[in-house]
Number of protein chains: 2
Amino acid sequence: MTYTAEVLVYLKEGVLDTQGKAVKQSLQRLGFQDLEDVRVGKYIQLRINAENEEAARARAKEMCVELLVNELIEEFDIKVVD
Amino acid sequence: MTYTAEVLVYLKEGVLDTQGKAVKQSLQRLGFQDLEDVRVGKYIQLRINAENEEAARARAKEMCVELLVNELIEEFDIKVVD
């Protein structure tokens with residue numbers, strides 16, 4: 001069966017987010033003074049053939065560790081849906 | 001009070017995702033033959049000063065429409081947490 005793993009990749013706290021900073025400045029210049037902070041990460045949808053949900057999750061985790069995530073500076077969450 | 005709006009931005013179905021295609025090829029070359037498809041989007045965390053959750057959500061939506069999302073080719077979801 002094919003499962004969709006939704007992966008969120010985001011910078012660890014304390015890691016400077018230059019992209020987020022740029023977006024924040026742009027939004028504030030547009031008048032959004034109520035904006036305190038912006039952090040920008042990635043949202044990756046993986047369609048995986050697997051026996052079951054747990055196998056799909058394990059496989060998605062391997063993909064994160066091997067390629068998608070830089071664990072020195074990033075963290076990730078995985079949610080598996082059908 | 002300050003709320004966090006978690007925004008997912010992703011390409012509409014049918015829109016070619018060149019970044020996703022490149023990631024898919026890289027993962028398959030690493031041996032992930034069970035991977036069917038990859039789509040890459042953005043995960044944006046907005047810290048917003050607002051009266052309540054609904055006001056924070058409305059404000060996040062304005063930010064999406066005015067800057068963060070290209071509605072011709074992208075869609076978005078907003079989830080507000082404390």
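None of the figures in this text is laboratory data; all of them are computed from the coordinates on show. Computed from a predicted structure; not experimentally measured. No Cβ is skipped: glycine too gets one built from the backbone with ideal geometry, and neighbour counts run over all protein chains shown.
Tabulated results
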| item | result |
| --- | --- |
| Counted residues, region A:63-78 - those being assigned to a helix (DSSP H, G or I) and touching a strand residue (DSSP E or B) at 6+ places or on another chain (Cβ under 7 Å) | 3 |
| Region B:33-50 residues that are facing chain A (nearest Cβ under 7 Å) and more than 18 Å from A:A22 (Cβ to Cβ), paired with ones that are of a type in the set (S, T, N, Q) and not in a strand (DSSP E or B) (beta carbon under 7 Å, 6 or more apart) | B:L35/B:Q28; B:V40/B:Q19 |
| Some residue of region B:17-31 being closer than 21 Å to A:K12 by Cβ, within 9 Å of chain A (Cβ to nearest Cβ) and more than 20 Å from the chain's Cα centre (by Cα) | no |
| Residues (hydrophobic (A, V, I, L, M, F, W, C) and either in a strand (DSSP E or B) or farther than 11 Å from A:I78 by Cα (or both)) located in region A:31-62 | A:F32, A:L35, A:V38, A:V40, A:I44, A:L46, A:I48, A:A50, A:A55 |
| Matching entry among B:A58, B:A22 (being free of Cβ contacts under 8 Å to residues at least 12 places away in the same chain, over 19 Å from A:A5 (Cα atoms) and not acidic (D, E)) | B:A58 |
| Region A:28-82 - residue that is more than 18 Å from B:R39 (Cβ to Cβ) and among the small types (G, A, S) and, of those, surrounded by the fewest Cβ atoms within 10 Å (Cβ to Cβ) | A:G31 |
| A:K12 being surrounded by fewer than 14 Cβ atoms within 10 Å (Cβ to Cβ), more than 7 Å from chain B (Cβ to nearest Cβ) and touching a strand residue (DSSP E or B) at 6+ places or on another chain (Cβ under 6 Å) | yes |
